[in-house]
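Read the structure below first, then the notes.
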Amino acid sequence: MSLSLGIDLGTSGIRCSVIDADHQVVAMTRGAYPDDSAMGWWHAVVEGLDALSAEIGAEGMDAIGQAAIDGTSGTMVLVDADLVPVTDPLMYFSGGFKAEAAQIARHAPEGDITRGASSALARLLRLQGLDSAQRATHMCHQADFIFAKLTGTTGLSDENNCLKTGYDVAARRWPDWIAKTPVNTDLLPEVHPVGTPLAQAGADAVAQFGFAPSLTFCAGTTDSIAAFLATGASEVGDVVTSLGTTLAIKLLSDMRIDDAAHGIYSHRLGEAWLVGGASNTGGGALLAQFDLEDLVRLSARIDPTRSSGLDYYPLPRAGERFPVNDPALAPRLTPRPEDDVQFLQGLLEGITRIEAQCYEALKARGAPDIRRVYTAGGGVQNPAWLAIRERMIDVAFQIAPQTEAAIGSAILAARDGRG
């Protein structure tokens, strides 16, 4: 029996998932980052794989035939020819790279995803500046670094991780304008479609973890796309909406849609596209008003069948990305009623109204009709919120059966890792 392995490098730690041919989970383990370094990522992966070996045994490890890795989008590090990090990594949430953004803006097309002081390409320019001895030979996204550690093969990446670094996913090449910036293009990886079989397990990984020498590692993806795959969404018109700290929406489309003014961008997934964006509304806007215990207590008293009569645009602070990209957009949270139950209901209805506007923005730009919406994230634990969405949005909702990114990466490997 051939098993598939997925490794997810998340914000706070890693998870390893093994699935069988029917996509049923055989084992799931995790590892904690000991520190914020790239080698900290590796030590967490070692912890997770050691735990996996203890759980499924030598026979199980030997039965893993294909694997894929996902990581946080835009997290990167510079390494030398021996895969030794020559800089500390910069995480996906790092920003403030104004000087680098100005250098990019002179050459990047208007509205390009690489523009801005927190773009992944600006992050790469900052890393170059930190490598004063110019020892770097490769820029590795987080998933690329672990792929290289497990295969011994450097300089490879996938289309999803490279999108925000400037890779042209339509032409499937690095655009010519990047060479006009101060970016050292020799550091840029060779990019492959997600799921492409790329390299077998390295001799060191075979000896350390008990992998079969024939284990094939495929081009990986980002953690959010791996989470999309974990839900089982697979048809054009399928949507995965995460009700987390923010409201994130991804729709599987047969056409690419990009609209920077509305915060819409597309990842390539095979011959289809994952279209969507992330609003700053969501659980973070709720927690700016109530603590978690109050949210649970007050939500239980909401009658979701009736409208609160309030018209809010809940944000934790000024600034919105999707369905409109406006860094100065202020929250709308007045008038506030004396009744906290009514106030919370108004917030939930406001978030739901924004969700509906996101779907409308996608539809207005040519997205396919929505088949169904898989709901993920912490919001699925709030029955009142789910009922409000059912009342206010005319789509078919269902709770995502799985949302673990490690499972999604394993599914990616199972689907494409065998050629």
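Going by the conditions given, is LEU274 touching an Asp or Glu at 6+ places or on another chain (Cβ under 8 Å) and surrounded by 19 or more Cβ atoms within 10 Å (Cβ to Cβ)?
So LEU274 fails the test.
Counting only residues that are in a strand (DSSP E or B) and either among the hydroxyl-bearing types (Ser, Thr, Tyr) or at pLDDT 95 or above (or both), which one in region 277-329 is surrounded by the fewest Cβ atoms within 10 Å (Cβ to Cβ)?
The selected residue is TYR313.
For THR165, are the conditions met, namely being under 15 Å from MET76 (Cα atoms) and open to solvent by 20 Å² or more (accessible area, probe 1.4 Å)?
For THR165, the condition - under 15 Å from MET76 (Cα atoms) and open to solvent by 20 Å² or more (accessible area, probe 1.4 Å) - is not met.
Yes or no, residue by residue, for (1) open to solvent by 10 Å² or more (accessible area, probe 1.4 Å); (2) farther than 15 Å from TRP177 by Cβ:
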{"site": "GLY74", "(1), (2)": "no, yes"}
{"site": "MET91", "(1), (2)": "yes, yes"}
{"site": "ALA99", "(1), (2)": "yes, yes"}
{"site": "ALA122", "(1), (2)": "no, no"}
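Looking at ASP80, is it among the charged types (D, E, K, R) and open to solvent by less than 40 Å² (accessible area, probe 1.4 Å)?
Judged against the criteria, ASP80 is a match.
For region 254-271, enumerate the residues that are farther than 18 Å from VAL324 by Cα, open to solvent by 30 Å² or more (accessible area, probe 1.4 Å) and hydrophobic (A, V, I, L, M, F, W, C).
MET255
Going through region 355-372 one residue at a time, which ones are surrounded by 23 or more Cβ atoms within 10 Å (Cβ to Cβ) and closer than 15 Å to ALA248 by Cα?
The answer is GLU355, CYS358, LEU362.
Could you pull out every one of the strands (runs of 3 or more DSSP E) wholly within region 185-253 that has 1 or more residues that are free of Cβ contacts under 8 Å to residues at least 60 places away in the same chain, surrounded by fewer than 22 Cβ atoms within 10 Å (Cβ to Cβ) and among the charged types (D, E, K, R)?
Correct list: 190-192.
Yes or no: ALA278 within 13 Å of the chain's Cα centre (by Cα) and not β-branched (Val, Ile, Thr)?
Yes, satisfied.
Mind listing whichever residues of region 330-345 are within 20 Å of ILE388 (Cα to Cα), buried (at least 19 other Cβ atoms within 10 Å of the Cβ) and not polar (S, T, N, Q)?
PHE343, LEU344 - these are the residues of region 330-345 that are within 20 Å of ILE388 (Cα to Cα), buried (at least 19 other Cβ atoms within 10 Å of the Cβ) and not polar (S, T, N, Q).
Answer yes or no: is there a residue in region 385-396 that is on the phi > 0 side of the Ramachandran plot, small (Gly, Ala, Ser) and either open to solvent by 60 Å² or more (accessible area, probe 1.4 Å) or outside any helix (DSSP H, G or I) (or both).
No.
Yes or no: LEU315 of a type in the set (A, V, I, L, M), more than 19 Å from SER118 (Cα to Cα) and touching a residue at least 60 places away in the same chain (Cβ under 8 Å)?
No.
Every residue, every condition in (1) under 22 Å from GLY111 (Cα atoms); (2) in contact (Cβ under 8 Å) with a residue 60 or more places away in the chain, yes or no:
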residue	(1), (2)
SER279	yes, yes
ALA285	no, yes
SER299	no, yes
PRO304	no, yes
ASP311	no, no
GLU320	yes, no
ALA330	no, no
GLU338	no, no
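The values are calculated or read from the model by the stated rules, or taken from the named source; none is laboratory data. On a predicted model such as this, the values are computed, not experimentally measured, just so you know. When we count neighbours, we look across all protein chains shown, and the Cβ atoms used for this are built from the backbone with ideal geometry, even at glycine. Just the protein is used for accessible areas: all its heavy atoms, side chains included, with ligands, DNA and RNA removed. Shrake-Rupley method; radii C 1.70, N 1.55, O 1.52, S 1.80 Å.
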